[in-house]
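Peer 1: One structure, pasted below without further comment.
The values are calculated or read from the model by the stated rules, or taken from the named source; none is laboratory data. These numbers were taken from a predicted model, which means no experiment stands behind them. A quick note on method: Cβ atoms are made from the backbone with ideal geometry, for glycine too, and the neighbour counts reach across all protein chains shown. Please note that ligands, DNA and RNA were not included when accessible areas were found on the heavy atoms of the full protein model with its side chains. Shrake-Rupley method; radii C 1.70, N 1.55, O 1.52, S 1.80 Å.
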Amino acid sequence: MLETGVKAPDFTLLDQKGNEVSLSGFLGKKVVLYFYPKDNTPGCTRQACAFAGSYEAFKAIDAVVIGVSRDSVASHARFAEKYGLPFILLSDPELQAIQAYDVWKEKKLYGKVNMGVVRTTVIIDEQGRVEKVMSRVKPDTNAAEVLAFLTGEG
């Protein structure tokens, strides 16, 4: 697991429009980097819609919201369009960022064990350092908890 204060691992991935996006391109801004398992699943949809609902509040404090999953660029494009998601969704099919941020873990579901993305949010400061790691977050409350932390209310 990443420690608070360490330099956030840089990466370059494609967004939902097929553009290359590098974490290092956001130096000088707070970054909310949230890792989620899969587009269009109930929990991931609720989490994305909660971030979308709070998007103006994140913009007002100059924070960038970025969602990352293994889904394809095309899947992200459909997901963003279907739910009106105004923030960046990054496609990480090779697990470049997912493994660098140590969110690829063993998961148990209905008695079966498999590998998958553990829903995790990493807040990165303006200097590119990890400010806070929130692991195993709840999809319905994650956006509000992040906003509360960033505005000093949480």
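Peer 1: For Asn114, are the conditions met, namely being surrounded by fewer than 18 Cβ atoms within 10 Å (Cβ to Cβ) and in a strand (DSSP E or B)?
Peer 2: Spelling it out, Asn114 is indeed surrounded by fewer than 18 Cβ atoms within 10 Å (Cβ to Cβ) and in a strand (DSSP E or B).
Peer 1: Among the listed residues Glu81, Glu153, Glu126, identify the single one that is at pLDDT 95 or above, assigned to a loop (DSSP other than H, G, I, E, B) and over 11 Å from Tyr34 (Cα atoms).
Peer 2: After applying the criteria, what remains is Glu126.
Peer 1: Identify the residue in the range 4-25 that is closer than 14 Å to Glu131 by Cβ and open to solvent by 60 Å² or more (accessible area, probe 1.4 Å) and, among all such residues, is modelled with the lowest pLDDT.
Peer 2: Thr4
Peer 1: Any residue in the range 41-57 that is under 23 Å from Ala100 (Cα atoms) and in contact with a Pro (Cβ under 7 Å, 6 or more places away or on another chain)?
Peer 2: Yes: one or more hits.
Peer 1: Looking at (1) closer than 26 Å to Gln127 by Cα; (2) open to solvent by 40 Å² or more (accessible area, probe 1.4 Å); (3) in a loop (DSSP other than H, G, I, E, B); (4) modelled with pLDDT of 95 or more, can you tell me which one Met1 breaks?
Peer 2: (4) is the only condition that Met1 fails.
Peer 1: Same structure, new question: Output the residues belonging to the range 54-81 that are open to solvent by 50 Å² or more (accessible area, probe 1.4 Å) and under 14 Å from the mean Cα position of the chain (by Cα).
Peer 2: Correct list: Arg70 only.
Peer 1: May I ask you to list the residues in the range 82-97 that are closer than 16 Å to Ser24 by Cα and either among the β-branched types (Val, Ile, Thr) or open to solvent by 20 Å² or more (accessible area, probe 1.4 Å) (or both)?
Peer 2: Correct list: Ile88, Gln96.
Peer 1: A further question on this structure: Can we say Ala74 is free of Cβ contacts under 8 Å to residues at least 24 places away in the same chain, in a helix (DSSP H, G or I) and aliphatic (A, V, I, L, M)?
Peer 2: Considered against the rule, which asks whether it is free of Cβ contacts under 8 Å to residues at least 24 places away in the same chain, in a helix (DSSP H, G or I) and aliphatic (A, V, I, L, M), Ala74 comes out as yes.
Peer 1: Within the range 136-150, identify whether any single residue is open to solvent by less than 60 Å² (accessible area, probe 1.4 Å), acidic (Asp, Glu), under 15 Å from the mean Cα position of the chain (by Cα) and at pLDDT 95 or above, and answer yes or no.
Peer 2: No, there is no match, as no residue in the range 136-150 is open to solvent by less than 60 Å² (accessible area, probe 1.4 Å), acidic (Asp, Glu), under 15 Å from the mean Cα position of the chain (by Cα) and at pLDDT 95 or above.
Peer 1: Of the conditions (1) in a strand (DSSP E or B); (2) open to solvent by 40 Å² or more (accessible area, probe 1.4 Å); (3) under 21 Å from Lys132 (Cβ atoms), Gly28 satisfies every one except a single condition; which number is it?
Peer 2: Here Gly28 meets the rest and fails (1).
Peer 1: Another one. Considering only residues that are within 24 Å of Glu145 (Cβ to Cβ) and among the charged types (D, E, K, R), which ones fall in the range 8-50?
Peer 2: Within the range 8-50, Lys29, Lys30, Lys38, Asp39, Arg46 qualify.
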